[in-house]
Structure formats: structure tokens, C-alpha cells
Amino acid sequence: MATLEANTATLPPGPRLPPIVQTILFLVARRQLHRHLRNRYGETFTTRIAGDRLVVTLTRPEHVREVFAGSPTVFHAGEGNAILRPVMGKHSLLITDEDEHLRARKLLMPAFNGAALRGYGDLMAELAATDAERWPTGRAFPTHPRMNAVTLEIILRVVFGMGEGPRLAELRPRLRRISDIGPLTVLGWSYPNLRRFGRWKANFENLHRVDELLYEEIADRKQAGDLADRGDVLSRLLTAGGGELSDQELRDQMITLLLAGHETTATALAWSFHELARRPDIQRRAQQAADDGDEDYLQAVAKEAMRKRPVIQNVARMLTEPTAIAGYRLPAGTIVGPSISLVHSDARLHDDPQDFRPDRFIGKQPEAGTWIPFGGGVRRCIGAGFSLQEAAAVLRAVLTRYTLRPDRMKPEFPKPRNITLTPARGGRVIATPR
Ligand code: HEM
């Protein structure tokens, strides 16, 4: 493990503040902190976080590509994501590395390929329309909580294939509570001692009850006679080669998909509405696309929202051996983190980066390492296609019905919420029926 005693001469420059201070600064103000550090120390800089970890942040696309193309035995994403382990579990796709990761990824992939996604299309459109029909009109409201509810519903149905009933009714608010936490509560994930107190205790008690409910669902599903006919991820895992998965492995993959798969897309949607409301010209173009069923343009709106307003600030890989990156020889144990935010806002890579311009994604692919909202390489987000399809379905349901304007022109700033960056006032808009 790279510790503070490591040979710091080999490291990129960075601040000397105590790790706990740097951790808190990161959790509370990661965007401002990283922008400041880039301006002060240059394109590659080192910070130190809880557990005496060294984190080297990368902002150049060629360095990002080095990380994403790196060997999975050297670049451990699972260890890089260790902060999520107390919630996701040790078998989670996000937390495992090498053989265990590859095996889990192979089992889960079929549920996210093109054919599977087409199968989820009608359900996504139906749930998106049910919500859009109920949007309040003529008054400002925050879109983010609504989007959280819609995307949670979609993921619960797709991942679990769960029917209505008391278990689902209890699970819904409890799952929301797991992710409905600010930076201070997230600190309890890194410092187990905190879990005996107040908000941290409540957070882990809630997680424990969610586990009980998930195990009950897994036990019931194993008894279901129609597994082969069901399209949901849990049933697929129980049939297609997944028979050998333990209940704990199933629980860990399920909770990972539920948590990684809903708030992220909800946040991208809230930012999409935030941007569209402030750009009537682009909104009109998007409404036209919604009316015409032009999925490419609607996906381009979501992609551009994810570029301008990254949902997740950076990805992480832990080095298992000394490795040369960005011209430095970094010790084993260092975490290397391509910065999504700093790459996406670099004017050398994106013309006029503050401008919201979905056309950037029409008829062209961004150059490798310049648009990385879903990370990359063998660890690229397994739900990338799923979330873009879902985002387009929700945008279509809303934009065919309403015209949006902001309650204030001043943009909302990104606020840390669990591991995401959400609009500080919830992405407030005023909807008017078209
Ligand atoms: C806008 C929506 C989303 C964003 C911005 C997002 C972002 C990310 C990022 C940055 C990573 C890490 C990639 C890396 O380390 O290179 C990731 C991984 C992952 N995401 Fe997503 N994600 C989204 C939606 C989803 C959805 C809908 C699902 C599932 C239904 C999902 C499930 C996962 C899983 C399981 C991983 C771990 C993959 C692995 O390590 O092999 N995500 N996501």
C-alpha cells in the first residue's frame, strides 16, 4: 500500500494538508477543490485521503487512455472503489477485481446487451409516461426527486422484476434512504467507528433491513416456477449459469445495480431539464425530436448534459505494482483517478465547454478519453446503454407534453450527494402544457 512514507519524490505535486482534511474537502467541495488543485499544481496532481491513501488525479486524455487500457491485474478498479464496499458488499461488480470481477461481469452482461435493452423499452416508456402525466404545471418544482422515483421504479422492475406488494412498498423508501445522504454521512463508510452513532447508525440499520428484504425476495424467487420466462436480471442470474451464485453474491449484485443504476440516471435527467429550461432554442429542437421519435437527438441531449454537468466527478483504479503513468513512476497502492469533471470542462478538448450543445454528439463520436461520464476500459459502466435509453424515454415523455422554463435564470451549482453531483436546488423548472 502507498502510504505517506512512500517516496514522494516520484509523485506529482499536491497539497500537504492532513489526509482527514483533504478527505472532508473532497467530500464537501470536490469540484472546487480539484479545479483549484489543477490551477495550482498542474495537469496531474496528488492528494491524500482517509486511510493514508495517495490519489493521483489525471486530466489529460492521453493519460486517461493509459489508465483505461491498462491491465486489469495492475489497475484494480474494485480496490479503487473500496469506499462503496460497506454498502455494495464484497462480491459487488464494482468492488471485485480480476477473476471474480470477470466472472460476475460475464454473468451480468447479457442483461445489458442490445437485445435485452430492446426488451426493456416498453416498460421504460410506460413508467416514464405515467410519471410525466402527473407533472405539476404552472409552478416551480424540483425535478431531481421525481426523477429518482421514476428511475428507481424502472430499475426495481427491470433488475428484480418485483411485483407490487408490502415488500416492494417497504423497500422503495428504504432504498431511497440509502442514497439520500450528504457528504458527512458518507464519511461513515470510511470510518466504521462512526457507525455506532446517530445518523451513521441509522444509515446502517436501514441497510441491514434492506438486506433482509432482498434475501426474502431471493428466497421466494428461487421457488418461482416461471424463472425461464421472466426477463428480469435476478431471474436471469438464477437460471443462466448463475445457479452457482450464493445468496450473498446475488444480494451484492442486486444492490449494486439498484444503487448504481437509478440515482445516476436521475441526476443526468435533472441536469438535462436544468439545461433545456435555460436554452429555449435547444429545447424546441428537442421537442421536435421527441415528437418525431428521434432517439439519437434525445440521447445527445443526455450525453451533453453528462458532459457539461458530470454526475460522477472521477473514476478510480488502485495500482497493484509500481507503474509508469503520465511520466511519473507511481508506487503500488496509489489510486489513479481520471477526472471526469476536469476533462469535460477543458476548452482544448471541447469547444466553448460552458455552452450546452447536444450537436456535439450528432453524427460524431468524441475522441477517446475526452468524454468519459461512464469511465472506460474493462470497467466501463455496464449500464451506459441502459441509462441513455432510459434518459431518452423520459425526455420524450416530458418534452412531448410540456415546455420548461427555469424559476431563476441563475444556474444551480453542483452539490455532492452520496457519490453524485446533483443540482443544488433539485433542478427546479416550471412546466407548461404544450
Ligand atoms: C447517467 C447514468 C450513469 C452514470 C453517469 C454512470 C457512471 C458510472 C461510472 C463512472 C462507473 C465507473 C466506471 C469505471 O471505473 O471506469 C460506473 C460503473 C458501473 N455502473 Fe454506472 N453509471 C450510470 C448508470 C448506470 C446504470 C443504469 C447501471 C445499472 C443498471 C449502472 C451500473 C454500474 C455498474 C454495475 C458499474 C461497475 C462496472 C464494473 O466495474 O465492471 N450504472 N458507472
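May I ask you to verify whether D281 is out of contact with any strand residue (DSSP E or B) (no Cβ under 8 Å at 6 or more places or on another chain), open to solvent by 10 Å² or more (accessible area, probe 1.4 Å), more than 10 Å from the ligand (Cβ to nearest atom) and acidic (D, E)? Answer is yes for this residue. Scanning segment 254-274 for residues that are more than 8 Å from the ligand (Cβ to nearest atom) and open to solvent by 10 Å² or more (accessible area, probe 1.4 Å) turns up just one, L259. Would you check if there is a residue in segment 386-402 being closer than 12 Å to W271 by Cα, open to solvent by less than 10 Å² (accessible area, probe 1.4 Å) and assigned to a helix (DSSP H, G or I)? Yes, segment 386-402 contains at least one residue that is closer than 12 Å to W271 by Cα, open to solvent by less than 10 Å² (accessible area, probe 1.4 Å) and assigned to a helix (DSSP H, G or I).
When the residues of segment 66-88 are filtered to those that are of a type in the set (D, E, K, R) and away from the ligand (no atom under 12 Å from the Cβ), the one that is most open to solvent (accessible area, probe 1.4 Å) is R85.
Scanning segment 241-295 for residues that are of a type in the set (V, I, T) and within 24 Å of E153 (Cβ to Cβ) yields I255, T256, T264, T265, T267.
Of everything listed in (1) within 12 Å of the ligand (Cβ to nearest atom); (2) at pLDDT 95 or above; (3) among the β-branched types (V, I, T), the single unmet condition for T420 is (2). If you check H91 against the conditions, is it touching a strand residue (DSSP E or B) at 6+ places or on another chain (Cβ under 8 Å), in contact (Cβ under 8 Å) with a residue 40 or more places away in the chain and either away from the ligand (no atom under 13 Å from the Cβ) or open to solvent by 10 Å² or more (accessible area, probe 1.4 Å) (or both)? Taking the combined requirement at face value, the residue does not satisfy it.
From the list T59, T23, T47, which residue is among the hydroxyl-bearing types (S, T, Y) and modelled with pLDDT under 90? Every option except T23 fails the conditions.
Remark: I83 matches the filter, which requires a residue to be assigned to a helix (DSSP H, G or I), under 20 Å from the mean Cα position of the chain (by Cα) and within 30 Å of G14 (Cα to Cα).
If you check A116, A169 for being away from the ligand (no atom under 15 Å from the Cβ) and either within 15 Å of Y402 (Cβ to Cβ) or not β-branched (V, I, T) (or both), only one passes: A169. If you go through segment 338-381 and keep only what is closer than 20 Å to I312 by Cα, open to solvent by 40 Å² or more (accessible area, probe 1.4 Å) and among the β-branched types (V, I, T), you end up with just V378. Scanning segment 18-32 for residues that are touching a Ser or Thr at 6+ places or on another chain (Cβ under 9 Å) and open to solvent by 30 Å² or more (accessible area, probe 1.4 Å) yields a total of 3.
Applying the criterion of being in contact (Cβ under 8 Å) with a residue 60 or more places away in the chain and polar (S, T, N, Q) to the residues of segment 357-401, the residue that is farthest from the ligand (Cβ to nearest atom) is T400.
Restricting segment 210-253 to residues that are among the β-branched types (V, I, T) and open to solvent by less than 20 Å² (accessible area, probe 1.4 Å) leaves a set whose member that is farthest from I95 (Cα to Cα) is I218. What tally of residues in segment 316-337 results from selecting those that are closer than 18 Å to N39 by Cβ and under 23 Å from the mean Cα position of the chain (by Cα)? Count: 1.
The values are calculated or read from the model by the stated rules, or taken from the named source; none is laboratory data. Keep in mind it's a predicted model, so treat the numbers as computed, not measured. As a convention, Cβ positions derive from the backbone with ideal geometry for all residues, glycine included, and neighbour counts pool all protein chains shown. Only protein heavy atoms, including side chains, enter the accessible area calculation; ligands, DNA and RNA are left aside. Shrake-Rupley method; radii C 1.70, N 1.55, O 1.52, S 1.80 Å.
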